[in-house]
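K.L.:
Have a look at the structure that comes next, please.
Every number in this text was worked out from the coordinates using simple rules, so none of it is lab data. Computed from a predicted model, the values in this text were never measured in an experiment. Because the Cβ atoms are built from the backbone with ideal geometry, glycine has one as well, and the counts that use them run over all protein chains shown.
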Amino acid sequence: QQQVRQSSQSLTVWEGETAILNCSYENSAFDYFPWYQQFPGEGPALLIAIRSVSDKKEDGRFTIFFNKREKNLSLHIKDSQPGDSATYFCAAYASSSFSKLVFGQGTSLSVVP
Amino acid sequence: EAAVTQSPRSKVAVTGGKVTLSCHQTNNHDYMYWYRQDTGHGLRLIHYSYVADSTEKGDIPDGYKASRPSQENFSLILELASLSQTAVYFCASSDQYSGNTLYFGEGSRLIVV
């Protein structure tokens, strides 16, 4: 049973395009949604995160759009660069009780020059 | 300066042999985790620990043991390695105030032959 699901295992975009990575979840108790970025040969690192009280979180070229009613969210990477090529993990957390982060399967993004 | 370090970074083990993966953190975090990464499955939690001398089972604990002898150190033990345990293993830490932000090590690639 996959509590957090990412719709694409891989995505390829051209340099300068907006990459859109989609994620959905099942547990209504989840209220914190971080995205982790992982480069080859490295561990994942926190990129950007949103709380369920917000519907949008922006940090430079990275924006999370969150839809609580539909239980889905997306990460938009504007003006994609080859250096953004990495695997992106959507994750979810329920702060009502100590819980553990639940990760999606990951989306491997390739940005072609 | 890496705050979560794993050793070995790479290992080839024989089926039925014992494998120990070690993790050391200098973040002064209470919580530590072991994840397994496989293509198509994302990051799956094996064991975690809130405090020294105590460990908890994660989502896929079968075939793995964990040991937390001190706040800084957390080991993952495969008593009888199997082919299905070939994967990349990540250790992570978090503090009690932001248990939803994980700091990962660089990973240990294990190949069981």
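K.L.:
What distance in nm separates the simple spin-label points at residue B:80 and residue B:54, each placed 7 Å from Cα in the Cβ direction?
P.N.:
That separation, rounded to one decimal, is 3.1 nm.
K.L.:
Say R0 is 35 Å: what FRET efficiency, to the nearest 0.05, do residue B:22 and residue A:29 get from their beta-carbon distance?
P.N.:
0.55
K.L.:
A follow-up question, please. Do any of A:71/A:100; A:71/B:65; A:56/B:57; A:68/A:100; B:11/B:65; A:57/B:57 go past 24 Å between their Cα atoms, and which?
P.N.:
A:71/B:65; A:56/B:57; A:57/B:57
K.L.:
Right, something else. Between residue A:54 and residue A:7, what is the spin-label point distance in nm, taking each point 7 Å from the Cα along the Cα→C-beta axis?
P.N.:
For residue A:54 paired with residue A:7, the spin-label model returns 2.3 nm.
K.L.:
Mind sorting A:55, B:62, A:31 by how few other Cβ atoms lie within 10 Å of their own Cβ, fewest first?
P.N.:
With the fewest neighbours first, A:55, B:62, A:31 line up as B:62, A:55, A:31.
K.L.:
While we're here: Please arrange B:53, A:84, B:30, B:38 by counting, for each residue, the other beta carbons lying within 10 Å of its beta carbon, fewest first.
P.N.:
Starting with the residue having the fewest Cβ neighbours, the order is B:53, B:38, B:30, A:84.
K.L.:
Apply the Kirkwood formula to chain B: the hydrodynamic radius equals the inverse of the mean of 1/r over all pairs of different alpha-carbon atoms; give it in Å with one decimal.
P.N.:
13.8
K.L.:
Let me ask you something else. Run the quick spin-label model on residue A:108 and residue B:7: label points 7 Å from Cα toward the beta carbon, then report their separation in nm to one decimal.
P.N.:
With each label point 7 Å from Cα toward Cβ, the separation is 3.1 nm.
K.L.:
What list of ³J(HN,Hα) couplings, whole Hz, do you get for the stretch B:46-60 from phi and the Karplus terms 6.51, -1.76, 1.60, once you set θ to phi - 60° and write x for glycine and proline?
P.N.:
3J(HN,Hα) across the stretch B:46-60, in whole Hz: 9, 9, 8, 8, 8, 7, 4, 6, 9, 9, 10, 7, x, 7, 9.
K.L.:
What are the residues whose amide H is under 5 Å from the amide H of residue A:108, where those residues sit 5 or more places off or on another chain and H is modelled from the backbone?
P.N.:
Excluding prolines and chain starts, which carry no amide H, the hits are A:10, A:11, A:88.
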